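Peer 1: My questions all concern the structure below.
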Amino acid sequence: MTDASSSPVPPVTIHRSDYRPPEWQVPDIALDFALGLDTTRVGAALSVVRHADAPTPLTLRGDGLTPLAVCVDGESWNDWHMEGADLIVDLGDRTHAVVEVDTAIDPAANTQLMGLYASNGMLCTQCEAEGFRRITFHPDRPDVLSRYKVRMTGDKTAFPILLSNGNCIAKGEGDDGSHWALWEDPWPKPSYLFALVAGDLVVNRDSFTTMSGRKVELGIWVRAGDEGRTGHAMQALKDSMAWDERVYGREYDLDLFNIVAVSDFNMGAMENKGLNIFNTRYILADPDTATDLDYDGVQGVVAHEYFHNWSGNRVTCRDWFQLSLKEGFTVYRDQSFSADMGSAPVKRIEDVRLLRAAQFPEDAGPLAHPIRPDSYQEISNFYTATVYNKGAEIIRMMATLLGPQRFRAGTDLYFDRHDGEAATCEDFVRAMEEGGAIDLTQFRRWYEQAGTPRLTLTLSEDQGQWALDVVQTVPPTPGQPEKLPMMMPLRIAAFDRSGGASLPDTLVTLTGATQRIALGAFGARPALSINRGFSAPVIVDFERAPGELAWLAAHDDDPFARYEALQQLMLDTLVAAAAGNAAHHPAVIDAVTQTLRGRGDDPAFVAEAVLLPSEAFIGDQMLTVDPDAIRRERLALQAAIGRALEDEWRAILAGKAPPATDLSPHAKGERRLRGVALAYLAATGIADIPALVFGVFSDADGMTERQAALATLAHGDSDERAHALDIFYQRYRDNPLVLDKWFQVQAWSMRPDTVEAVHQLAEHPDFTLSNPNRVRSLYGAFTGNQAAFHQADGAGYRLIADLVIALDPRNPQTAARMIPPLGRWKRFDEARAAMMRAELERILAQPGLSRDTTEQASKSLLG
Ligand code: PHE
Ligand code: ZN
């Protein structure tokens with residue numbers, strides 16, 4: 001069998017409004033796998049029940065499959081035909097039947113990593129969203145829920161471990177060196193949650209006793225040698241299980257919970273029932289190879305997948321348009337969990353930074369879509385920052401509007417009412433309305449309208465009484481020229497800077513296109529703290545003098561608002577400078593100094609607050625992005641802050657770093673601040689700095705400091721740079737996750753020759769297009785390097801288009817994810833825009849382009 005599904009498909013658009021309930025349900029499925037890397041035989045027995053009133057054929061979706069035999073109720077059956085890749089079985093006027101279909105697949109040839117594939121000699125599956133149809137013929141839609149029995153047979157030496165969903169109910173050995181296992185999952189589930197793993201794996205075992213006293217066996221399965229790096233993931237799993245009981249009253253529902261780590265994986269991880277499958281990068285961590293951020297990533301993703309057991313598995317999605325029902329809610333749940341496990345303000349800052357870096361640009365570009373899209377060509381393209389991260393913000397706003405008790409009443413109602421069902425976003429909102437006693441009619445627009453709302457604010461005064469006028473606009477997006485105002489919670493406060501009474505934290509519910517908020521009496525213009533905690537995912541336009549922002553950065557009682565004030569101050573300076581106006585560095589330097597000196601007890605917060613906004617975020621504030629001016633001005637400000645506070649930065653680095661094994665929030669914060677100090681000092685160009693940074697690199701007892709120092713050196717052209725890169729490579733060349741970092745820091749480099757360097761790294765013997773992590777570490781990092789990707793001669797665009805063209809036949813999902821950066825052409829000058837469009841056209845002209853890439857490239861071209 002060849003990998004047939006990437007052959008040319010005319011784009012078909014699926015519409016949300018076309019949803020019809022399934023005509024056939026499949027209450028029970030028995031699967032029988034005869035496992036082999038090159039050939040796996042799959043026998044499927046589907047018990048089907050007709051739900052349509054009148055006779056109708058059974059449509060079983062397939063992707064690259066050939067039926068080898070078809071039986072109905074035990075008899076060989078001829079009333080079937082293929083419609084494209086799908087199998088249509090005519091069952092006459094039957095209302096019930098057992099339909100058996102045999103197929104054979106070639107896991108080793110499956111380079112898409114969808115369906116059953118081979119990774120490092122093991123076999124594993126990925127079925128979300130529509131991968132199950134690459135294993136066997138099936139309706140393969142999330143509103144068809146079945147009980148699964150899975151039998152698998154394989155060679156004992158090649159596949160000593162055989163895992164699937166649920167519980168292992170029997171196993172045995174053949175006399176030919178084979179063995180078999182029978183797994184049963186008692187919970188009905190959609191096909192996208194099916195999983196199977198077979199391979200030579202070792203396990204880290206532990207257990208968790210649930211609130212009702214049931215003991216659950218936990219297992220994290222990895223390749224031999226990696227088991228020592230699974231401790232953090234195991235702790236995160238147990239913490240997540242306890243947290244979901246405490247915060248949402250949700251208990252785990254099987255006696256077994258397994259996680260398997262695989263190195264070749266398109267995404268972060270997958271919540272298959274009772275058998276999560278993870279990208280190794282979100283399981284393996286030890287201080288020598290993982291940074292503090294990597295540790296946080298492991299904790300967050302383990303929690304995310306575990307939380308899906310309720311928000312996703314017990315209550316699943318009716319159709320893929322409802323994806324945010326499970327993803328937005330689950331991201332909100334993992335964000336809240338991580339906030340509880342560490343520093344809540346820092347977590348909020350990180351979440352908002354990610355939203356602004358990934359989701360705001362998406363919402364402002366040609367691929368903008370509502371969190372519940374209305375149509376798609378390829379659903380894989382909709383696993384987006386909008387569905388996930390904006391989706392989480394929508395849930396967070398409901399939680400804010402309701403308050404903790406009523407929100408909990410709403411989620412209790414949601415889980416109880418829809419347990420075992422395939423639900424919709426509308427079901428969730430209705431449960432919030434009823435459980436929380438609130439009218440969310442207008443709020444539903446967040447599910448319908450794309451685009452980031454903009455709030456334009458003006459302060460006014462009348463006889464000592466101050467008021468805030470808010471004008472809300474939602475920008476036009478593809479297919480949605482006109483927008484209506486959204487309902488949103490806006491947290492505000494107003495301070496009297498001379499020490500008089502202030503307006504304390506207040507929650508305002510915005511509903512109108514224009515709205516006036518009374519602030520009360522102030523002797524002079526109050527300092528306004530707006531959208532505190534980022535209560536609504538919007539852009540706020542509000543002109544404030546540098547002095548007012550500096551005052552807020554120092555005095556606001558909401559840490560997030562302090563962070564925002566300082567960021568705004570930096571942003572105003574940088575945007576003005578990049579647009580050719582004078583930069584006012586002194587105000588920024590003063591505010592950074594104050595924040596640094598008053599650092600008190602939360603070094604992580606200080607480190608976040610004094611970090612300059614990213615080049616991309618600066619660009620987002622400009623009418624036309626000027627990548628070169630942005631880099632120049634940002635480096636100039638960085639150097640100015642570096643020099644002005646040189647003694648402080650040196651003092652931070654002269655202190656002793658906490659031991660890498662200390663993962664307390666404080667120790668992590670100290671390391672983060674040391675990383676910021678390195679970057680500021682390096683920007684000064686002072687002669688002894690490369691040696692100092694190299695010293696940090698050599699002395700580092702863990703990956704956080706080692707990587708921070710390496711990344712800092714990578715921007716320059718010192719001898720220390722080459723030396724450190726070489727040491728790092730030699731030390732970690734056999735550890736793929738760490739080697740990814742080696743590629744990444746070079747692709748992030750601010751050196752002028754980075755495009756050329758990426759070209760050369762792609763030729764490096766350790767580079768491969770077969771591993772998505774490696775592709776992202778080089779090319780994904782490169783597209784995040786604004787000045788390099790947008791190099792004026794267009795070489796960066798060409799590099800990415802060449803990659804997409806080479807990768808698409810092999811792994812269309814990963815290829816399609818590289819396209820959005822090319823779609824931002826409207827935001828750039830005419831010369832760059834023309835080159836970006838030309839590369840999109842060149843991609844589209846490729847014969848046999850996948851549906852994934854075709855959809856992303858053609859929509860990106862429209863602008
Ligand atoms: N559902 C997974 C998650 O969010 C993501 C995923 C999507 C993984 C598609 C693989 C394929 O946890
Ligand atoms: Zn998820």
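The values are calculated or read from the model by the stated rules, or taken from the named source; none is laboratory data. What you are looking at is a predicted structure, and each value in this text was computed from that prediction instead of being measured. Because the Cβ atoms are built from the backbone with ideal geometry, glycine has one as well, and the counts that use them run over all protein chains shown. Heavy atoms of the whole protein, side chains included, go into the accessibility calculation; ligands, DNA and RNA do not. Shrake-Rupley method; radii C 1.70, N 1.55, O 1.52, S 1.80 Å.
Peer 1: In whole Å, what is the distance between the alpha-carbon centres of region 380-394 and region 565-596?
Peer 2: Cα centroid of region 380-394 versus Cα centroid of region 565-596: 32 Å apart.
Peer 1: If you take the Cα atoms of region 5-106, find Rg, then find the Kirkwood Rh from the mean of 1/r over all pairs, what is Rg/Rh?
Peer 2: On the way: Rg = 14.9 Å, Rh = 15.1 Å.
Using Cα coordinates only, the ratio equals 0.99.
Peer 1: Using θ = phi - 60° and the Karplus form 6.51 cos²θ - 1.76 cosθ + 1.60, what ³J(HN,Hα) does each residue of region 240-250 get, whole Hz, x for Gly and Pro?
Peer 2: Ordered by residue, 3J(HN,Hα) equals 5, 5, 5, 5, 5, 5, 5, 8, 10, x, 10 Hz.
Peer 1: Might you work out the accessible area of Asp802 for me, using a 1.4 Å probe with all protein chains in place, and round it to the nearest 10 Å²?
Peer 2: 70 Å²
Peer 1: List every residue whose amide H lies under 5 Å from the amide H of Arg497, counting only residues 5 or more places away in sequence or on a different chain, with H placed 1.01 Å from N in the peptide plane.
Peer 2: Ala527
Peer 1: Expressed as an acute angle from 0 to 90° and rounded to the nearest 10, what is the orientation of the C-alpha long axis of helix 585-597 relative to the principal long axis of the chain?
Peer 2: Roughly 70 degrees, rounded to the nearest 10.
Peer 1: While we're here: Please get the size of the charge dipole for the chain, origin at its Cα centre, with Cβ charges of +1 on Lys and Arg and -1 on Asp and Glu, quoted in debye to the nearest 20. Don't jump to the answer; show the numbers that get you there.
Peer 2: Values: 82 positive and 119 negative charges, 269 e Å.
Charge dipole of the chain: 1300 debye, to the nearest 20.
Peer 1: Given the convex hull over the Cα atoms of the chain, what projected area results after averaging over all orientations, in nm²?
Peer 2: Values: hull surface 143.1 nm².
Seen from a random direction, the Cα hull of the chain projects 35.8 nm² on average.
Peer 1: Considering the convex hull of the alpha carbon atoms of region 661-741, report its projected area averaged over all viewing directions, in nm², one decimal.
Peer 2: On the way: hull surface 21.4 nm².
Taking the Cα atoms of region 661-741, their convex hull projects to 5.3 nm² on average.
Peer 1: Right, something else. Tell me, what HN-Hα J-couplings in whole Hz come from the Karplus equation 6.51 cos²θ - 1.76 cosθ + 1.60 at θ = phi - 60° for each residue of region 724-731, using x for Gly and Pro?
Peer 2: 5, 4, 5, 4, 4, 4, 4, 6
Peer 1: Distance from the Cα centre of region 161-215 to that of region 799-861, in angstrom?
Peer 2: That distance is 41 Å.
Peer 1: Amide H of Ala269 versus every other amide H placed in the peptide plane: which residues, excluding those fewer than 5 positions away on the same chain, fall under 5 Å?
Peer 2: Those qualifying (amide H under 5 Å, at least 5 residues apart or on another chain) are Asn279.
Peer 1: While we're on this one: For region 349-408, with only Lys/Arg (+1) and Asp/Glu (-1) charged at the beta-carbon, what is the dipole magnitude about the Cα centre, in debye rounded to 20?
Peer 2: Numbers: 7 positive and 7 negative charges, 73 e Å.
Here region 349-408 has a charge dipole of around 360 debye.
Peer 1: Separate question: Amide H of Leu91: which non-local residues (sequence gap of 5 or more, or other chain) have their own amide H closer than 5 Å, using H built in the peptide plane?
Peer 2: When sequence neighbours closer than 5 places are left aside, the close amide H contacts are Leu58.
Peer 1: Another question about this same structure. Sorted by accessible area (1.4 Å probe), largest first, how do Cys71, Cys127 line up? Intermediate values should be presented prior to the final figure.
Peer 2: Working: Cys71 35, Cys127 0 Å².
Descending order: Cys71, Cys127.
Peer 1: Calculate the spin-label point distance for His764 paired with Ala524, positioning each point 7 Å from the Cα along the beta-carbon direction, and give it in nanometres.
Peer 2: Computed distance between label sites Ala524 and His764 equals 5.6 nm.
Peer 1: What translational D, rounded to a whole number of µm²/s, comes out for region 682-823 from Stokes-Einstein when the hydrodynamic radius is the Kirkwood one over Cα pairs, at 37 °C and 0.692 mPa s? Numbers along the way, then the final one.
Peer 2: Numbers: Rh = 15.7 Å.
Estimated via Stokes-Einstein, D reaches 209 µm²/s.
Peer 1: So with the 1.4 Å probe, I'd like the accessible area per residue for the chain, rounded to whole Å². Each step should come with its number before you reach the end.
Peer 2: On the way: 31950 Å² over 863 residues.
Roughly 37 Å² per residue, with all protein chains present.
Peer 1: May I ask for the Kirkwood hydrodynamic radius of region 51-156, worked out over all distinct Cα pairs and given in angstroms to one decimal?
Peer 2: Details: mean 1/r = 0.0658 Å⁻¹.
For region 51-156, inverting the mean 1/r across all distinct Cα pairs yields 15.2 Å.
Peer 1: Share of region 219-351's accessible area from carbon and sulfur, percent, 1.4 Å? Present the calculation step by step, with values, prior to reporting the outcome.
Peer 2: Values: 1450 of 2990 Å².
Carbon and sulfur together cover 48 percent of it.
Peer 1: Which of the trypsin sites (Lys or Arg not before Pro) found in region 624-697 are loop residues per DSSP with 10 or fewer other Cβ atoms within 10 Å of their Cβ? Can you show the working numbers first?
Peer 2: Numbers: sites: Arg631, Arg632, Arg634, Arg643, Arg650, Lys656, Lys668, Arg671, Arg672, Arg674; in loops: Lys656.
The qualifying sites are Lys656.
Peer 1: Roughly speaking, what is the stretch gain from Asp79 to Asn735, that is 0.36 nm per residue apart minus the C-alpha to C-alpha distance, in nm to one decimal?
Peer 2: On the way: separation 656, 0.36 × 656 = 236.16 nm, distance 5.32 nm.
Contour length minus Cα-Cα distance gives 230.8 nm.
Peer 1: Take peptides 99-109, 481-491 and line them up by average Cβ neighbours within 10 Å, highest first, as a rough protection proxy.
Peer 2: So the order, starting with the most tightly packed, is 99-109, 481-491.
Peer 1: Follow-up question, since we're still on this one. Would you give the gap between the C-alpha center of region 722-752 and the C-alpha center of region 118-154, rounded to a whole Å?
Peer 2: Between the Cα centre of region 722-752 and that of region 118-154, the gap is 37 Å.
Peer 1: Give the average over all directions of the projected area of the C-alpha convex hull of region 430-525, one decimal, in nm².
Peer 2: 7.7 nm²
Peer 1: Largest first, please: the extent of the C-alpha atoms of region 144-254 along each principal axis, to the nearest Å.
Peer 2: 51, 39, 25
Peer 1: Calculate what fraction, in whole %, of the accessible area of region 543-616 sits on carbon and sulfur atoms when a 1.4 Å probe is rolled over the protein chains. Before the final figure, lay out each step's value.
Peer 2: Working: 1430 of 2840 Å².
C and S atoms contribute 50 percent here.
Peer 1: Can you compute the helix-only [θ] at 222 nm over the chain? Use -39500 (n - 2.57) per DSSP H run of at least 4 residues, normalise by all residues, nearest 500 deg cm²/dmol.
Peer 2: Numbers: 27 runs with 326 residues, N = 863.
Only helices count here, giving -11500 deg cm²/dmol.
Peer 1: Related question: Could you tell me which of rounded, prolate or oblate describes region 232-295, using a ≥ b ≥ c as the square roots of the eigenvalues of the alpha-carbon gyration tensor, with rounded for a/c under 1.5 and, failing that, prolate when a/b is larger than b/c and oblate otherwise?
Peer 2: Details: a/c = 2.42, a/b = 1.42, b/c = 1.71.
Verdict is oblate for region 232-295.
Peer 1: When you count, for each residue, the other Cβ atoms within 10 Å and take the mean per peptide, how do 854-862, 826-834 rank with the highest first?
Peer 2: Details: 854-862: 21.2, 826-834: 15.2.
Ranked from most to least packed, the peptides come out as 854-862, 826-834.
Peer 1: Let me ask another. With +1 on each Lys and Arg Cβ and -1 on each Asp and Glu Cβ, how big is the dipole of region 289-371 about its Cα centre, in debye rounded to the nearest 20? Working shown, then result.
Peer 2: Details: 8 positive and 12 negative charges, 58 e Å.
My answer is approximately 280 debye.
Peer 1: Output wanted: per-residue J couplings in Hz (rounded whole) for region 312-319, from phi through Karplus 6.51 cos²θ - 1.76 cosθ + 1.60, θ = phi - 60°, x for Gly and Pro.
Peer 2: Couplings: x, 9, 4, 10, 10, 9, 5, 8 Hz.
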